[in-house]
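A.B. asks: My questions all concern the structure below.
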Amino acid sequence: APLAFAWMIWPSLDCAAKLGKEASHRVRHASVRTMPETHTELPNHVPVLIVGAGPVGLALAAELGWRGVPCLVVEQGDRSNEIPRTNAVGVRTMEFCRRWGGADRVRDAGFAPDYPHDFVYVTSITGYEIARVNRPTHGGVKPSPVSPERAQRCNQLWFDPILRAFAGSFPRVRL
């Protein structure tokens, strides 16, 4: 399957020079701290440089590592105070997780199957309920008619560490 994340990578650090002196300097002197305990200087050349250790960057690193392609993931910060931007993992992403052998970890990390996902509109936290949108639980155990997987309710706070651990399990991936 073609990589849908190709816009996130540079084939080598040499490409940074094509972007100009300032961009090259920023890339070569970027802080590499995807994990708080890691601080590494950038090498002079890497086959694939992935900028950003969010879900897309980590998924790309996992895919490349799974295929044996060496890569380096750089992140501006340590993402420890990151506010999650997603609360669900889509069907296609779950298919990737299934192929990588991690779909069960994503299902187990999310909310319990019977956890309510309703939207409730109230006048205040202790006030009157104005409206409620009933939402069925996310995911489930039965496959959908179009995929062997279902979308899962799994917050980014739980999903990113799963991807980070998987990507980091490959010897050719540097986080």
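The values are calculated or read from the model by the stated rules, or taken from the named source; none is laboratory data. Fair warning: this is a prediction, and the values are worked out from it, not measured in the lab. For neighbour counting, all protein chains shown are included, and Cβ atoms are generated from backbone atoms with ideal geometry for every residue, glycine included. These area figures cover heavy atoms from the full protein model, side chains too; ligands, DNA and RNA do not enter into them. Shrake-Rupley method; radii C 1.70, N 1.55, O 1.52, S 1.80 Å.
A.B. asks: Within region 105-116, can you find the residues that are within 16 Å of the chain's Cα centre (by Cα) and among the charged types (D, E, K, R)?
C.D. replies: The first filter runs over region 105-116 and keeps only residues within 16 Å of the chain's Cα centre (by Cα), leaving 105-107, 109-110.
If the condition is that a residue be within 16 Å of the chain's Cα centre (by Cα) and among the charged types (D, E, K, R), then ARG105, ARG107 are the ones that fit.
A.B. asks: Looking only at region 76-101, count how many residues are open to solvent by less than 50 Å² (accessible area, probe 1.4 Å) and either within 13 Å of the chain's Cα centre (by Cα) or farther than 24 Å from LEU49 by Cα (or both). Outline the logic, then answer.
C.D. replies: Taking region 76-101 first, the residues open to solvent by less than 50 Å² (accessible area, probe 1.4 Å) are 77, 79, 84, 86, 88-90, 94-97, 100.
Now drop any that are not either within 13 Å of the chain's Cα centre (by Cα) or farther than 24 Å from LEU49 by Cα (or both), which leaves 79, 84, 86, 88-90, 94-97.
Within region 76-101, residues that are open to solvent by less than 50 Å² (accessible area, probe 1.4 Å) and either within 13 Å of the chain's Cα centre (by Cα) or farther than 24 Å from LEU49 by Cα (or both) number 10.
A.B. asks: Quick check on my filter: what residues within region 158-175 are of a type in the set (A, V, I, L, M, F, W, C), more than 16 Å from GLY110 (Cα to Cα) and touching a residue at least 40 places away in the same chain (Cβ under 8 Å)? Even if it seems obvious, please write down each step before you answer.
C.D. replies: At the first step, the residues of region 158-175 found to be of a type in the set (A, V, I, L, M, F, W, C) are 158-159, 162-163, 165-167, 170, 173, 175.
Subsequent filtering for residues that are more than 16 Å from GLY110 (Cα to Cα) retains 165-167, 170, 173, 175.
Residues satisfying the conditions are PHE166, ALA167, PHE170, VAL173, LEU175.
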